[in-house]
Every structure is written in structure tokens, then in C-alpha cells.
Amino acid sequence: MTTETALPDFTIAPNLQPMAEDARLKAFENLGFGTLFTDHMAVILWDADKGWHSAEIKARGPFSIDPAASVLHYAQEIFEGMKAYRAPDDRILLFRPEENARRFARSAERMAMPEIPEALFLKAVEELVKIDAKWVPEGEGSLYLRPFMFASETFLGVRPSRQYIFCVIASPVGPYFKGGGKPVTLWVSEDFTRAGPGGTGAAKCGGNYAGSLLAQAEATRRGCDQVVFLDAAEHRWVEELGGMNVFFVMDDGTVVTPPLSGTILPGITRASIIKLCGENGLNVVERPYSFDEWKADAQSGKLREAFACGTAAVIAAIGTVRHAGGEFVIGNAGTGLQTETLRTQLTSIQRGQAPDAHGWVKTVDLG
Ligand code: PLP
Ligand code: COI
């Protein structure tokens with residue numbers, strides 16, 4: 001539940017030393033993921049006595065926090081990932097931002113943190129996009145937005161912090177994977193798991209990602225782009241990738257995706273794809289799908305396509321799957337028709353190049 005108290009006003013203090021125009025445009029020529037940042041950030045503080053206060057837009061820069069700040073010890077931290085796109089008519093669009101706000105509130109609840117009201121979350125994001133609007137690239141790029149919140153109280157006791165910092169930073173990005181739109185190769189981790197029943201798998205908390213890094217490093221060592229996690233209880237059911245959900249397209253037009261069982265992140269891209277698949281006449285089934293079934297379906301040809309999806313990666317075809325016992329290829333290891341169609345449909349809506357029949361897109365008021 002979000003509380004409907006009056007929202008604090010933002011103090012706006014523009015960066016007096018923004019990046020030079022020519023340096024920015026040069027950096028735009030070769031955008032990767034998460035290395036370049038805009039001139040500003042949004043910051044809002046919370047403490048147990050005052051609630052949300054001191055909302056600011058200011059120059060992006062370091063925080064000063066005490067070495068005993070509880071986030072540094074007990075990892076009370078959550079985040080979101082969303083994007084702003086430049087439409088052909090130069091409007092700047094956000095894709096389903098209220099879904100990110102709601103998921104952020106659910107993550108906060110799970111991590112015993114205060115919920116930021118949806119309207120305040122959205123205002124922080126929009127104020128940042130507004131002041132850094134020139135950082136939203138044209139063409140294939142987008143402005144990746146990273147709202148996050150962490151426990152800032154100076155205290156080593158193990159209980160929820162009584163102080164938090166909420167912040168939004170922004171990073172112009174190109175493709176998430178180095179290969180651009182090429183099909184990705186996955187490593188199935190049969191030893192490490194990401195989340196167990198009753199754990200934090202459905203929350204977007206930093207700790208989930210810390211726990212995935214060793215498995216991801218193993219994937220990289222095996223020449224793979226991403227790790228696939230199986231369930232913690234049986235090491236049998238496909239759950240999701242380190243930072244993406246996964247879909248399987250069968251030869252009869254059925255599309256299978258693991259259910260939201262509490263151990264995977266409820267992806268906003270995932271929910272949007274389920275909707276688009278239905279409209280495309282595909283039959284989406286949210287059900288447990290085992291690694292054995294995956295291997296057998298790829299081998300028999302029943303599985304035609306598979307793809308990973310998320311805000312950062314959008315939709316990435318899965319070409320090859322490696323595991324301790326060998327590897328297999330999906331379809332002809334290329335990008336299948338359904339994957340390509342969904343990618344075009346989704347990105348066209350996100351970028352304002354196609355009608356937004358679902359009301360998914362929000363125009364940022366740059367006024
Ligand atoms: N699963 C994980 C673990 C993620 O980190 C992400 C990315 O945010 C997703 C799935 C996809 O979620 P979304 O589509 O909302 O970006
Ligand atoms: C996203 O897609 O927004 C993610 O958070 C995935 C990854 C960059 C952590």
C-alpha cells in the first residue's frame with residue numbers, strides 16, 4: 001500500500017559543469033551498457049520520523065555515507081530498471097513506468113523498507129528525464145533509468161534501517177549484449193541456484209544479483225552470454241536468467257514460460273510479451289518447464305524458438321545452450337520468426353513508432 005500524503009516538491013539545482021555537447025555526441029557514437037551517465041540525479045530521503053523529504057534534482061555525484069551504514073553490512077537495497085525512448089516526433093516516452101513503481105513498492109515491502117508512493121517515484125523519474133532530456137539518444141539507443149534505494153542508517157544492529165536514500169540515475173545505452181541483436185548462448189547452472197521458496201527471488205534486490213555473479217562468471221568462462229538458473233528445490237525446472245525472463249516457442253504455436261512462483265522476477269517485458277503473444281494468436285502457457293524437457297524438445301524439433309527478455313536486453317533470441325553434459329542448439333540457431341515479430345512489435349510501441357493500443361506508453365512532460 002502506498003500512502004497518499006502530499007508529495008514533497010523537488011529542489012532543482014542544475015549541474016554547473018555538464019558534459020560538453022561534443023563529448024556527449026561523441027560518446028553516443030558507441031553506446032554500450034551502463035558505462036556512461038547523465039549530468040544529474042534525483043535524490044529523496046526517508047527517515048522514520050519525517051517520512052519522505054528533501055527531494056532534489058542535482059548534479060550526479062558521490063554519496064557520503066558512514067562505514068556503518070546498514071546497507072554496507074546487511075544489503076538492504078532494491079532497484080528498478082526502466083527506459084526512456086525518443087519517438088520519431090521527438091517526444092520522450094516511458095514504457096509502463098507505473099509497473100516499475102509498483103514492483104519497487106513490492107520489493108520494498110519484501111526487504112522491510114518503506115514504500116515510496118507511486119506518484120513520487122514517477123515524479124523523480126520524470127524530473128530527471130526532463131532535466132537530462134538531451135541525453136535520450138536517437139535511433140536504436142535509449143536512456144536506461146535506474147531508481148534504487150538503500151539503508152543509510154549508521155547502525156550495526158540487525159533490524160530494518162530507520163533511514164533510507166532513494167535515488168534515480170540515468171545512463172544512455174545501446175545493446176546489452178556485445179553481439180548486438182545476434183542470438184545469445186546460455187550456460188545452464190546445475191549447481192548454483194538464484195532463489196528458493198520463501199526467499200527474495202521475486203524482489204529486485206541487489207543481493208539476488210550478488211548471488212548470481214559466480215554463476216554468471218562461470219557462464220562467461222564457458223563462452224556464454226548469460227546464466228540460466230534452475231529451481232532451488234529440485235534443480236530441475238527452468239526459472240530465469242541472471243537478468244532476464246525466458247520464453248519457449250513450440251511448433252504448434254504454443255508459447256511456454258515459467259510461472260510466477262515467487263522465485264522469479266515478475267518481468268514487465270514478460271507480461272507485455274504474454275499480452276502480445278495472445279493477440280498474435282499464440283497460446284501462452286505459464287507452466288513449469290524442465291531442463292530435461294527443454295533438451296528433448298530442442299532435439300526433436302518441437303521447440304522452434306526460445307528467447308530471453310527484459311528491459312535491458314529487450315528480446316534476445318537464444319541460439320545455443322551449454323551445460324555440464326554438452327550443448328544443444330535451438331531451431332537453426334538464428335532468430336526465429338515469432339521472436340523477430342515480437343521484438344519488432346514491442347520496440348515499435350516502446351519507441352512510439354506504432355500505435356499504443358494498450359496505453360503502455362507515457363509521454364514525459366518536458367514543459
Ligand atoms: N529477471 C531478472 C532477474 C531481471 O533482473 C530482469 C530485469 O529487470 C528481468 C527478469 C526482466 O524484468 P523487466 O522485463 O521488468 O525488465
Ligand atoms: C534490467 O533489465 O533492467 C535489469 O535490471 C537487468 C540487469 C541489467 C540487472
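What follows draws every value from the coordinates through simple rules; no lab data is involved. The model shown is predicted, which means the values in this text are computed figures rather than measured ones. Note that we place each Cβ from the backbone using ideal geometry, even for glycine, and neighbour counts take in every protein chain shown.
General remarks:
- Diffusion constant of segment 11-173 at 4 °C, which comes from Stokes-Einstein with the Kirkwood Cα-pair radius and 1.567 mPa s, µm²/s: 78 µm²/s
- Residues of segment 125-150 with amide N under 14 Å of the 7 Å Cα→Cβ point at residue 356: 126
- Model label sites at residue 106 and residue 178, defined 7 Å from Cα along the beta-carbon direction, differ in position by 3.4 nm.
- Rounded to the nearest 20 debye, dipole of segment 178-337 from Cβ charges on Lys, Arg, Asp, Glu: 440 debye
- Structure remark: mean-square fluctuation, Gaussian network model of the chain, C-alpha springs under 10 Å; the largest value among 159, 343, 106 belongs to 159.
- Qualifying chymotrypsin sites (Phe, Trp or Tyr not before Pro) for segment 1-96 [loop in DSSP, other Cβ within 10 Å: at most 13]: 63
- Rounded to the nearest 500, the 222 nm mean residue ellipticity of the chain from helices alone is -7000 deg cm²/dmol, with -39,500 (n - 2.57) taken per DSSP H run of at least 4 residues.
- Relative contact order of the chain, defined on C-alpha pairs under 8 angstrom at six or more residues apart (%): 18 percent
- Aspartates and glutamates whose Cα lies under 12 Å from that of residue 58, excluding same-chain neighbours fewer than 8 positions away: 39, 127, 132
- Considering only 87, 203, 105, the Gaussian network model of the chain with Cα springs below 10 Å gives its largest mean-square fluctuation to 87.
- By the count of neighbouring beta-carbon atoms within 10 Å, fewest first, 314, 71 end up ordered 71, 314.
- Rg over Rh [alpha-carbon atoms, Kirkwood Rh] for the chain: 0.97
- Restricting the trypsin sites (Lys or Arg not before Pro) of segment 164-216 to loop positions (DSSP other than H, G, I, E, B) with no more than 13 neighbouring Cβ atoms within 10 Å leaves 178.
- A simple spin-label model places the labels of residue 329 and residue 260 3.7 nm from each other, with each point 7 Å out along Cα-to-Cβ.
- Label sites at residue 87 and residue 283, each approximated as a point 7 angstrom past Cα along Cα to Cβ, lie 3.7 nm apart.
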